Every structure is written in C-alpha cells, then in structure tokens.
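The values are calculated or read from the model by the stated rules, or taken from the named source; none is laboratory data. Being a predicted model, the structure only gives us computed values, none of them experimental. When we count neighbours, we look across all protein chains shown, and the Cβ atoms used for this are built from the backbone with ideal geometry, even at glycine.
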Amino acid sequence: MQVTLAYNHFRRGLVQRMPRCRWSFFHVVNNDYTHWIMFAIGGSQHPTIISQGNQFLGPPNRAGRR
C-alpha cells in the first residue's frame, strides 16, 4: 500500500501519531507540525517513510521534544 499525507496542519496539544506508519510506504509532504507532545511522525513494523518539506515547531518545554 502507498499513502501520501500532504498539506495538513497539526495543532498544539496533539500527542502522537500524526501519522503512525505501519507496514507500508508513506510519503509525508508539506505538513505543519506545531507543539506536539511526544512525537510527530512515528513508524512501526518496518514502514518506509519519506518526509519532505514539512515544518516542525517543537513544544516550548524540552522534555516534550523527542
């Protein structure tokens, strides 16, 4: 399976799984991640993830950035 996730804005307070990728091919392009809590893009079960042109603005506290 091939999935493209493009042109999204993920706002403050989201914890994780933006997206969580499993088993497939994921192209994550031109998304805006603002103040996530644990991790912005995650993978398990050997996915292939290509991340291009995304903007990441980490949370203000250091403990929240992983």
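Can you spot a residue in the range 7-19 that is small (Gly, Ala, Ser) and at pLDDT 90 or above? No - not one qualifying residue is present in the range 7-19. Among the residues of the range 12-22, those that are surrounded by 12 or more Cβ atoms within 10 Å (Cβ to Cβ) and farther than 19 Å from residue 53 by Cβ comprise 14, 16, 17, 20, 22.
Is it the case that residue 3 is among the hydrophobic types (A, V, I, L, M, F, W, C), surrounded by fewer than 15 Cβ atoms within 10 Å (Cβ to Cβ), on the phi < 0 side of the Ramachandran plot and part of a strand (DSSP E or B)? I'd like the intermediate steps shown before the answer.
Values: among the hydrophobic types (A, V, I, L, M, F, W, C): yes; surrounded by fewer than 15 Cβ atoms within 10 Å (Cβ to Cβ): yes; on the phi < 0 side of the Ramachandran plot: yes; part of a strand (DSSP E or B): yes.
Here the answer is yes, as residue 3 does meet what is asked.
Scanning the range 38-66 for residues that are in contact with a His (Cβ under 8 Å, 6 or more places away or on another chain), at pLDDT 85 or above and loosely packed, with under 10 Cβ neighbours inside 10 Å yields a count of 0.
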